[in-house]
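Q: I'd like to ask some things about the structure below.
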Amino acid sequence: MFHKHKKEKLSYGIVGLGRFGYALAVDLAQSGAEILVIDRDEEKVRELREYTENALVVNTLDKKSLMDTGIQNCDVAVVCIGENMESSILTTLNLVSLGVPQVIAKATSAEHGEILAKLGAEVVYPERDMALRLANRLETARVLDFIQLSESINISKRMVPEKFIGKTVLEMNIRAQFGLNIIAVENGGEVVDTVGPDYTFRAGDIMIVSGSRDDLLRLSEWEEKDD
């Protein structure tokens with residue numbers, strides 16, 4: 001049975017080792033998190049034992065079987081079952097009723113997600129979010145990367161517009177113009193992570209900004225207006 005050992009770090013229980021669950025488990029383990037992984041596929045579970053000793057083969061995901069694994073002792077449980085909606089819903093229900101503090105569940109459709117949310121889970125849409133991220137990256141060649149943290153918080157890594165070069169942060173004032181915040185500026189491997197109002201933009205600058213998707217799009221449209 002799983003018991004948390006690293007008190008200062010969150011522990012994660014991952015149910016289902018499909019592509020999403022497997023990648024999530026490996027990433028969390030490599031970051032030093034304490035994880036418990038559960039799947040019926042013995043080969044996948046055996047592969048994950050390279051990353052954690054808490055890798056268990058479980059054939060049925062009823063409440064008793066889940067309790068026997070000790071997943072209720074995790075801080076976060078992630079249900080990565082997508083292809084079997086019934087199993088996903090029942091597993092989510094069981095984890096919520098076991099009192100896991102945070103249950104996150106993968107959804108494959110809006111209807112699936114609505115049911116999971118009503119059960120008390122935080123819902124994620126990996127395939128949709130990946131498509132959105134790709135679409136945002138392709139919207140303009142200036143955007144080098146895009147991460148959606150929530151509906152209202154996004155982080156974009158982008159080339160500084162030519163209109164910015166030679167101007168200070170205060171002069172361009174993108175917070176007032178677009179509602180965006182500059183997190184950092186990178187140039188030639190040098191990173192300025194405290195960007196003051198007197199910072200002068202240079203050719204080759206890459207800025208990392210945060211804000212809503214609509215605000216980021218407004219900046220992109222403004223950049224292209226006079227090109």
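Q: Any chance you could count the Lys pairs in the chain whose alpha carbons are under 28 Å apart, treating pairs 8 or more apart or on different chains as valid?
A: Taking the chain as the scope, the lysine pair count is 29.
Q: Can you work out the FRET efficiency for the pair D214 and L10, with r the C-beta to C-beta distance and R0 = 35 Å, to the nearest 0.05?
A: Calculated value: 0.65.
Q: Separate question: If you count the DSSP beta bridges with both ends in the chain, what percent of them are antiparallel, to the nearest 5?
A: Working: 20 of 39 bridges.
Within the chain, antiparallel bridges account for around 50 percent of the total.
Q: Still on this structure, I have one more. With a point put 7 Å past each Cα toward its Cβ, work out how far I183 is from D198 in nm, to one decimal.
A: Distance between label points: 2.7 nm.
Q: Another question, if that's okay. Tell me, what is the FRET efficiency for A117 and N173 to the nearest 0.05, using R0 = 35 angstrom and their Cβ-Cβ distance as r? Kindly include the intermediate steps, with their values, before the conclusion.
A: Numbers: r = 39 Å, r/R0 = 1.10.
The pair A117/N173 has a calculated efficiency of 0.35.
Q: Which distance in nm do the two modelled labels at W222 and E42 give, with both placed 7 Å along the Cα-to-Cβ direction?
A: The modelled label-to-label distance comes out at 6.1 nm.
Q: Another question about this same structure. Just to verify a number: FRET efficiency for D27 and E162, C-beta to C-beta distance, R0 = 22 Å, to 0.05?
A: Values: r = 37 Å, r/R0 = 1.67.
Approximately 0.05, to the nearest 0.05.
Q: Taking the Cα centre of the chain as origin, sum charge times position over the Cβ atoms of Lys and Arg (+1) and Asp and Glu (-1), and report the length of that vector in debye to the nearest 20. Can you show the working numbers first?
A: Working: 26 positive and 37 negative charges, 84 e Å.
Charge dipole, the chain, about its Cα centre: 400 debye, nearest 20.
Q: Mind pulling the angle between the C-alpha long axis of helix 85-97 and the longest principal axis of the chain? Nearest 10 degrees, somewhere in 0 to 90.
A: Value to nearest ten degrees: 80.
Q: How far, in nm, would the chain grow between V57 and V96 when pulled straight, counting 0.36 nm per residue and subtracting the alpha carbon separation?
A: Details: separation 39, 0.36 × 39 = 14.04 nm, distance 2.11 nm.
Once the chain is fully extended between V57 and V96, it gains 11.9 nm.
Laboratory data are not the source of any read-out in this text; all were calculated from the coordinates shown. Source: prediction; values computed, not measured. Glycine also receives a Cβ, built like all others from the backbone with ideal geometry; neighbour counts cover every protein chain displayed.
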